[in-house]
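Written below as structure tokens is the structure these notes are about.
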Amino acid sequence: MAIEKRSLRDVFGTFVTGVTVITTIDLNGKIHGCTANSFSSVSLEPPLVLWSQAKAARSYDAFADGPRFAVNILSEAQREVSDRFASDANDKFSGVEWSPGAGGVPILKGVCAHIECRKVANYPGGDHTIFLGEVEAVFKSGLPPLVFAAGRYLMATTLSL
Ligand SMILES: Cc1cc2nc3c(=O)[nH]c(=O)nc-3n(C[C@H](O)[C@H](O)[C@H](O)COP(=O)(O)O)c2cc1C
């Protein structure tokens, strides 16, 4: 029996995640960014991470063809950054502070952490493609993370015993 898309979305949404903006630079030197909560750590040795992107996304070709990407893990103060990179704005980077990392891939300011990757594989994943990256550089700021579940932004709170 086919599972309804709405039910799938609702159930997937119960899995609480952080929020990332994945960035890259294409062969023409144009920079791209896409809000994604499909990011996951995969392996420590070698250091690997993955994320998946809808094939329908406008930036899909840049990520599918590009040799590098960076995972920018957003901080609590970056809801607007998440919304902007999830929108269909033409210049998502305008008004956003960033600097070029390895290969010119944009690294956003004010994040919790960033992870610079060399892309090692594209795997088929239905209407998405799974991108596997080998980690080449990392940075952690200590800022609190932005949290996402059921279509809403949340704050992380530590539970004390
Ligand atoms: C919190 C959040 C998480 C998202 N996660 C993903 C994701 O993991 N993969 C994906 O393809 N799109 C994801 N999206 C949707 C994209 O950010 C959105 O489709 C964006 O417009 C794609 O940009 P583009 O069409 O300019 O490439 C997410 C959106 C939000 C708000």
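State the number of residues belonging to the stretch 1-45 that are in contact (Cβ under 8 Å) with a residue 12 or more places away in the chain and part of a loop (DSSP other than H, G, I, E, B).
12
Check the stretch 58-66 and report whether any residue there is assigned to a helix (DSSP H, G or I), near the ligand (Cβ under 9 Å from one of its atoms) and of a type in the set (Gly, Ala, Ser).
Yes, there is a match, as at least one residue in the stretch 58-66 is assigned to a helix (DSSP H, G or I), near the ligand (Cβ under 9 Å from one of its atoms) and of a type in the set (Gly, Ala, Ser).
Hey, among 11, 81, 42, which residue is among the β-branched types (Val, Ile, Thr) and touching a strand residue (DSSP E or B) at 6+ places or on another chain (Cβ under 6 Å)?
42
Among the residues of the stretch 88-110, which ones are within 15 Å of the ligand (Cβ to nearest atom), assigned to a loop (DSSP other than H, G, I, E, B) and surrounded by 13 or more Cβ atoms within 10 Å (Cβ to Cβ)?
Residues satisfying the conditions are 92, 93, 96.
List pairs: first residue in the stretch 113-135 and of a type outside the set (A, V, I, L, M), second residue loosely packed, with under 13 Cβ neighbours inside 10 Å and not in a strand (DSSP E or B) anywhere in the structure, Cβ distance under 7 angstrom, at least six positions apart or on different chains.
Filtered contacts from the stretch 113-135: 134/46.
Can you find even one residue in the stretch 113-123 that is touching a Pro at 6+ places or on another chain (Cβ under 8 Å) and of a type outside the set (Phe, Trp, Tyr)?
Yes, that holds for at least one residue.
Where a number appears in this text, it was derived from the coordinates with a stated rule and is not lab data. All of these numbers come straight from a predicted model, not from anything done at the bench. Virtual Cβ from ideal backbone geometry, glycine too; neighbours counted across all protein chains shown.
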